[in-house]
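Here's the structure, in structure tokens; my notes come after.
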Amino acid sequence: MQAWRLADTGGIDSYSLEEVPEPVPGRGEVRVALRTMGLNHLDIWVANGLPAPPTLPFIGGADGAGVIDAVGEGVSGFEIGDEVIVDPSFSCGRCGFCRNDDIVYCDDFGIMGEEVSGTFTEKVVIPTINAARKPAGVDWDTAGTFGLVSVTALRMLEKSRLMAGETVLVVGVGGGVSAAAFRYAKGRGAKVYVTSRSPEKIAWALSEGAVAGFDSAGEFGKEMTALGGADVVIDNVGPATLKQSMRAAKKGGRVVIVGATSGPKMELTLPVLWYRQLELIGSTMGNHAQFARALYLLSEGSARSPLDRMYGFDELPAALRYLDSGAQVGKVGLRLA
């Protein structure tokens with residue numbers, strides 16, 4: 001079978017399409033013949049060694065969906081022919097955190113395609129806990145691309161304690177996580193504002209029900225404050241926007257941070273935190289129950305993330321370059337013939 005493997009961490013062009021042995025499922029595992037897979041900025045960061053994969057060569061990719069074509073010893077509840085979606089959150093499965101489904105706190109927590117060999121391949125082996133049944137009404141393109149960004153966005157909003165009628169500001173709405181957060185916030189009955197450097201992405205959000213949009217490169221914090229401020233601000237950009245995001249939050253507001261696409265470090269003016277009683281909330285990925293909730297919302301249609309473009313499996317480098325350009329609204333994926 002074929003797989004896209006990283007030979008080194010020199011960037012997108014370090015991915016090469018190679019023949020690799022078919023994996024064999026072990027005890028409690030199933031093998032999935034993938035139909036589609038999703039791309040994430042994580043795939044670009046790993047290709048650049050930020051973070052470096054645990055071993056080289058390494059198969060990237062966090063998202064995917066397909067059909068079970070082999071089952072390991074001791075597997076119950078799944079059979080050959082079942083259609084499943086990959087849940088990309090991995091953990092030890094034994095510690096107290098895992099037993100309580102607080103897997104993000106497990107010392108062995110990892111993301112498929114970052115710490116665990118990923119989905120840029122024709123077939124992948126996963127534990128049954130990472131196999132979620134594909135709802136019949138969800139198409140393959142959506143099923144294979146929604147996972148990572150959707151569970152991440154859902155956890156962010158759950159940690160923010162968002163309530164219906166509150167005001168949300170989603171920073172950088174065109175990206176996968178931000179677009180998913182926008183849809184989830186709308187589904188929860190929030191009044192949602194957005195920012196983007198792209199007028200086209202703001203126009204998309206307005207067409208989807210956003211109250212208003214602001215330029216991410218401008219003083220959107222001041223503009224949001226003039227409208228009463230936000231109860232919750234969703235920011236995965238980091239240093240380039242976080243000061244404005246904090247300014248956009250009303251007194252007692254919550255700023256949820258899940259990424260730093262503009263860099264890992266910044267200078268923070270601390271008195272702003274305590275004088276305005278702000279909360280800075282860190283969040284990443286989600287647990288298996290949150291993945292199940294995200295899948296339910298996907299299946300019933302209330303929070304379906306936008307799908308921008310699908311490429312052929314042999315077009316991974318071109319697809320990643322398109323994702324890296326920032327031109328997309330929502331998800332980019334690969335489709336196996």
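For (1) touching a Leu at 6+ places or on another chain (Cβ under 7 Å); (2) closer than 19 Å to Gln328 by Cβ, each residue gets a yes or a no:
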site	(1), (2)
Ala190	yes, no
Arg197	no, yes
Gly229	no, no
Val237	no, yes
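Across the range 16-56, the number of residues qualifying as among the hydroxyl-bearing types (Ser, Thr, Tyr) and surrounded by fewer than 23 Cβ atoms within 10 Å (Cβ to Cβ) comes to 2. The set of residues in the range 14-56 that are without any contact (Cβ under 8 Å) to a residue 40 or more places away in the chain and in contact with a strand residue (DSSP E or B) (Cβ under 8 Å, 6 or more places away or on another chain) comprises Ser14, Ser16, Glu18, Glu19. Taking Ala240 as the residue in question, decide whether it is part of a loop (DSSP other than H, G, I, E, B), aliphatic (A, V, I, L, M) and surrounded by 15 or more Cβ atoms within 10 Å (Cβ to Cβ). When the stated conditions are applied, Ala240 passes them.
Selection of first residues in the range 87-116 that are in contact (Cβ under 8 Å) with a residue 24 or more places away in the chain and within 17 Å of Glu158 (Cβ to Cβ) and of second residues that are in a loop (DSSP other than H, G, I, E, B) and of a type in the set (A, V, I, L, M), restricted to Cβ pairs under 9 Å at least 6 apart or on distinct chains, gives the following pairs, ordered by first then second residue: Ser89/Met285; Ile103/Met285; Val104/Met285. Candidates in the range 253-268 are the residues that are within 15 Å of Gly221 (Cα to Cα) and not aliphatic (A, V, I, L, M); of these, the one that is nearest to the chain's Cα centre (by Cα) is Arg254.
Looking only at residues in the range 3-15 that are surrounded by fewer than 20 Cβ atoms within 10 Å (Cβ to Cβ) and among the aliphatic types (A, V, I, L, M), the one that is nearest to Leu320 (Cα to Cα) is Ile12.
Tallying residues that are among the small types (Gly, Ala, Ser), at negative phi and over 21 Å from the mean Cα position of the chain (by Cα) within the range 154-189 yields 1.
Candidates Gly74, Gly61: the one that is in the same structural domain as Lys134 (by TED's automatic domain parsing), buried (at least 19 other Cβ atoms within 10 Å of the Cβ), at positive phi and not charged (D, E, K, R) is Gly61.
Filter the range 28-74 for residues that are charged (D, E, K, R) and more than 18 Å from Thr142 (Cα to Cα) and give the result. Correct list: Glu29, Arg31, Asp43, Asp69, Glu73.
Every condition in (1) closer than 30 Å to Cys98 by Cβ; (2) of a type in the set (Phe, Trp, Tyr); (3) at pLDDT below 95 holds for Phe291 except the one numbered (3). Of the strands (runs of 3 or more DSSP E) lying entirely inside the range 153-237, those containing at least 2 residues that are touching a residue at least 60 places away in the same chain (Cβ under 8 Å) span 167-170, 230-235. When you look at Arg161, is it at pLDDT 95 or above, in the same structural domain as Gly326 (by TED's automatic domain parsing) and touching a strand residue (DSSP E or B) at 6+ places or on another chain (Cβ under 9 Å), yes or no? When the stated conditions are applied, Arg161 does not pass them.
The values are calculated or read from the model by the stated rules, or taken from the named source; none is laboratory data. Since the structure is predicted, the reported quantities are computational estimates derived from the model, not experimental observations. Here Cβ is always computed from backbone atoms with ideal geometry, including for glycine, and neighbour counts include all displayed protein chains.
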